[in-house]
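Bear in mind that the values in this text are calculations on the coordinates, not laboratory data. None of the values given here were measured: they were computed from a predicted structure. Virtual Cβ from ideal backbone geometry, glycine too; neighbours counted across all protein chains shown.
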Amino acid sequence: MDVLSDVLSALRLQGTLYFSTEFGRPWGLRVPSYRKVARFHLVVRGSCWVRVLPDHTAEYLETGDLVLVPHGAEHVLADTPDTPCRTVDEVVAAAGFTGKGALVFGGEDKGGPTRLICGHFEFDDSFDHVLLSQLPPALVVRWEESVRGSPLEDLFRFIAREVHEGQPGHEAVTRRMSEVLFVQAVRFWAGSVDQPRGFLGALADPGLGEALSAIHTDPAASWTLDSLARKAAMSRTSFAERFRDGVGETPHQYLTTLRIQIARRLLAESRVSLDKIAVRVGYDSAASLSRAFKRIVGSPPGAYRRAARTQRSS
């Protein structure tokens, strides 16, 4: 089981392209916070500074660099760290942007405008995983030797070309490619960290990685601390401590969260009975699933299913 792929697939990403820009110096843009999204900005030409508010250190971006803001936090983009910033709505209104072509804003820059491709990825509202909470406030992928010749370079060039040429269907293409971009960027970042910590560090640990693979391969199995410790080839005590320190949750908490996440999806997207869902996710009865579901989600499974159907039909 490729655990990271399983986790990233469960995100159910939906990419949205906001706009490409033509920003002349001086310029500054303030992007508001939004839950369950990851913002992205790809520098196609020129350079800029990005800072996640309130107190993240500003990062300098050059042509070919990509920044992800995984937690949808408020952040600013500008030509210098000190340039005053206007909100996205103010910039769009001032530019008279209609949604077609580039968003043109700022001063007369003799060196040429800064061109960005900006958008966001929306996550499945039922997705809840420690990986997201452990990603940095700003995940920067720089245009370096390690990117050249990699799938990321192909994606960068492909998206930039699609946006620039504006052929029929380019919006659908760039949305799909931007979703792949998120996965590739997280994979690239994970591979670039010398000693990954948290969930990614646990995946890199042979023993913990084996246990996580077992959980994701068969989340309905009757896993216990003892059986998972045997999978990891560790003592019960050592496994419990290393799992909690690495993943950030106990094995039981991690397994329960995964099971409830699967149950939420089945409730929202299928007509499978609660009894069958309970068996499918590892509970011996609908009642035991209901108790765990209400404790974690905050509402009973029946109410959750009705709300999901109402939302889908509206």
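Points to keep in mind about this one:
- Taking the C-alpha atoms only, the angle from helix 286-297 to the longest principal axis of the chain is near 30 degrees.
- Cα→Cβ-extended label distance, 7 Å offset, between Glu144 and Arg280, nm: 4.4 nm
- Percentage relative contact order, the chain, counting C-alpha pairs under 8 Å, at least six apart: 18 percent
- When you restrict to C-alpha pairs under 8 Å that are six or more residues apart and normalise by the size of segment 237-289, the relative contact order lands at 21 percent.
- If the chain linking Arg271 and His170 were pulled fully straight, counting 0.36 nm for each residue of separation and taking away their Cα-Cα distance, it would gain 32.8 nm.
- With Cα atoms, 0 to 90° folded angle of helix 236-247 axis to the chain main axis: 20 degrees
- In this structure the amide hydrogen of Leu103, modeled in the peptide plane, comes within under 5 Å of the amide hydrogens of Ser20, Thr21, Glu22, none closer than 5 places in sequence on its chain.
- Computed [θ] at 222 nm, helices only, for the chain once each DSSP H run of length n ≥ 4 contributes -39500 (n - 2.57): -14500 deg cm²/dmol
- Computed across the chain, the Kirkwood hydrodynamic radius from all distinct Cα-Cα pairs reaches 21.6 Å.
- Stretch in the chain that is longest and holds no trypsin sites (Lys or Arg not before Pro) that DSSP places in a loop and that have at most 11 other beta carbons within 10 Å: 149-270
- GluC sites (Glu not before Pro) restricted to segment 74-153 and DSSP loop, no more than 11 other C-beta within 10 Å: Glu108, Glu144, Glu145
- 3J(HN,Hα) along segment 168-180, derived from phi through the Karplus expression 6.51 cos²θ - 1.76 cosθ + 1.60 where θ = phi - 60°, amounts to x, x, 5, 5, 5, 5, 5, 4, 5, 5, 5, 5, 5 Hz, with x in place of Gly and Pro.
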